[in-house]
Amino acid sequence: MTTINPFESALKQLEKAAKLVNLDPKINEILRHPEHIVQVAVPVIMDDGALKVFEGYRVQHNSARGPYKGGLRFHPQTDLNEVKALAAWMTWKCAVVGIPYGGGKGGITIDSKKLSPAELERLSRSFARAIAPFIGPTVDVPAPDVYTTPQIMAWIADEYGKVTGKPSPAVITGKPLEAGGSQGRDTATAQGGFYVLSGFMQKMNWQPAQMKVAIQGYGNAGSVMAQLLHAAGYKIVAVSDSKGALLDTTSAGMNPAHLAKTKKEKTFAGGEYWNGSVYVREGYKTITNAELLEADVDILVPAALENQITGDNAERIKAKIVLELANGPTTPEGDEILARRQITVLPDILANAGGVTVSYFEWDQNMKGETWDKAQVFTKLEKIMNDAFAAVYAAKEKYNTDMRTAAYISALERLSQAINKKYGW
Ligand code: GLU
């Protein structure tokens, strides 16, 4: 399999929408280039006393609509092209849901699972010091992403406060509640995706009980999505994490509460144990990640990394809906095949925008010194997601295109206005 550069994919997606709406070439050209690329050295004293220096990045893609916004990823595969793509996707994402931010993303190339808690804290604080000159509540506001947690956000906020001499919780979102986080931020990505899926299900007049679901990735987005779908009557029949995948051949549907509990506690509970591919229960079968993607389901939820549905496997995807909770899970070649096969992709920049939307609520509360309750947060989130879904669906009908291109079109309307205003064209 050839390696796919995710930034090239992001540009191809932009190109497709730009052609369809006859986008002003000036806007197109601006959006093809990140405004700033920051690369930093992240020195960490390891537990054995040795010093290691890791590569860190922060890409600030576009700020025409507001401060740069987007997560920080700690992952061994993280590199500059990945971070550039993720930053660009944040620009479109914030525009799709109409929150007043541009797009940014950061990360460190590291296998953070191998670090001790103390090393992880030193790494996070070192990264905070390295990027402190480039971020700030009205400049660039990071957040969690793959393998970064509320605790890591709290360390970064604290370190930023020390460097600048004043506490600024609004410099980063996704913090724990006690460090200025928002109610609902932890479940927001999945919740937003759930609203988008519900909107589409209504359009198709499909019922949850008819739908079998496979979820790839069991982190914050995937595991919460499993709970929401299960509670709404969908049948979860396959799940995976970085270690392996499981298929329920009984078609009874898995109970995410059991999966989460047994995965977390890493102990047998009621005869069940899931640690990656190990799950002891009659009727459950361990499968490969590739088999999970091609499982006989109605809805496939990629909730892990980029480049999962490609020109190599899109022909074999059986789902009717691909709900992208991950960023960039489908390549342009994959998209083309899925579109031809009339499989609907509910695209990342719409489907996973609930996370950054509640990040915006968190930032807004921090800036105003307010605290909102969960009901307030979810009422606002639901409205934003439903409005965004309606706008994207309308663009899809108007231009007779797929949902991803429609989401780009919807984003580009807002971005064009802001870019024109910024440059005075
Ligand atoms: N990392 C998340 C995303 O890709 C959240 C970003 C944020 O909350 O700023 O959308």
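The values are calculated or read from the model by the stated rules, or taken from the named source; none is laboratory data. Computed from a prediction, not measured in an experiment: that's the story for all the values here. Please note: Cβ atoms are built from the backbone with ideal geometry, for glycine as well, and neighbour counts cover all protein chains shown.
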Note to self: Looking only at segment 340-354, count every residue that is out of contact with any Leu (no Cβ under 9 Å at 6 or more places or on another chain) and either modelled with pLDDT under 95 or crowded, with 24+ Cβ neighbours inside 10 Å (or both) and tell me the total.
What the structure shows: 4
Next item on the list: Please enumerate the residues belonging to segment 363-419 that are in contact with a helix residue (DSSP H, G or I) (Cβ under 7 Å, 6 or more places away or on another chain) and not in a helix (DSSP H, G or I).
Entry: Thr371, Trp372, Thr401, Asp402
Margin query: Quick check on His75: is it farther than 14 Å from Asp140 by Cβ, within 16 Å of the ligand (Cβ to nearest atom) and in contact with a Gly (Cβ under 7 Å, 6 or more places away or on another chain)?
Written below: yes
Check: What are the pairs, 6+ residues apart or on separate chains, where a residue within segment 167-186 that is under 19 Å from Ala221 (Cα atoms) has its Cβ under 8 Å from a residue that is in a loop (DSSP other than H, G, I, E, B) and aromatic (Phe, Trp, Tyr)?
Finding: Ser182/Trp372; Gln183/Trp372
Check: Taking segment 95-109 only, how many residues are surrounded by fewer than 24 Cβ atoms within 10 Å (Cβ to Cβ) and under 18 Å from Val146 (Cα atoms)?
Finding: 1
Note to self: Filter segment 88-146 down to the residues that are without any contact (Cβ under 8 Å) to a residue 60 or more places away in the chain, part of a loop (DSSP other than H, G, I, E, B) and acidic (Asp, Glu) and list them by number.
What the structure shows: Asp111
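Here's the yes/no breakdown for (1) in a strand (DSSP E or B); (2) within 12 Å of the ligand (Cβ to nearest atom); (3) more than 17 Å from Gln417 (Cβ to Cβ):
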{"site": "Asn28", "(1), (2), (3)": "no, no, no"}
{"site": "Ile37", "(1), (2), (3)": "yes, no, yes"}
{"site": "Arg65", "(1), (2), (3)": "no, no, no"}
{"site": "Leu86", "(1), (2), (3)": "no, yes, yes"}
Next item on the list: Please specify each residue of segment 88-105 satisfying the condition of being more than 10 Å from the ligand (Cβ to nearest atom) and not aliphatic (A, V, I, L, M).
Entry: Thr91, Trp92, Gly98, Pro100, Gly102
Margin query: Testing Ile343 on (1) within 19 Å of Ala295 (Cα to Cα); (2) within 13 Å of the ligand (Cβ to nearest atom), one condition comes back false. Which one is that?
Written below: (2)
Next item on the list: Please indicate, with yes or no, whether at least one residue in segment 212-221 is in a helix (DSSP H, G or I) and touching a Leu at 6+ places or on another chain (Cβ under 6 Å).
Entry: yes
Note to self: For segment 184-210, give me the residue count where each residue is within 14 Å of Thr371 (Cβ to Cβ) and more than 15 Å from the ligand (Cβ to nearest atom).
What the structure shows: 0
Checklist line | Exclusive hit being within 16 Å of the ligand (Cβ to nearest atom), among the β-branched types (Val, Ile, Thr), at pLDDT 95 or above and out of contact with any Cys (no Cβ under 8 Å at 6 or more places or on another chain), set Ile384, Ile337 | finding: Ile384
Note to self: Would you confirm whether or not segment 203-217 contains a residue that is among the aromatic types (Phe, Trp, Tyr) and touching a helix residue (DSSP H, G or I) at 6+ places or on another chain (Cβ under 8 Å)?
What the structure shows: no
Notebook entry, point to check: Applying the selection to segment 186-230, what residues are of a type in the set (Phe, Trp, Tyr) and at pLDDT 95 or above?
Noted result: Phe194, Tyr195, Phe200, Trp206
Notebook entry, point to check: Filter segment 169-179 for residues that are surrounded by fewer than 22 Cβ atoms within 10 Å (Cβ to Cβ) and within 16 Å of the ligand (Cβ to nearest atom); which is nearest to Phe134 (Cα to Cα)?
Noted result: Ala170
Notebook entry, point to check: What number of residues within segment 194-209 are within 12 Å of Ala232 (Cβ to Cβ) and assigned to a helix (DSSP H, G or I)?
Noted result: 7
Margin query: Based on this model, can you work out whether Gly369 counts as within 16 Å of the ligand (Cβ to nearest atom) and either under 17 Å from Lys105 (Cα atoms) or surrounded by fewer than 24 Cβ atoms within 10 Å (Cβ to Cβ) (or both)?
Written below: no
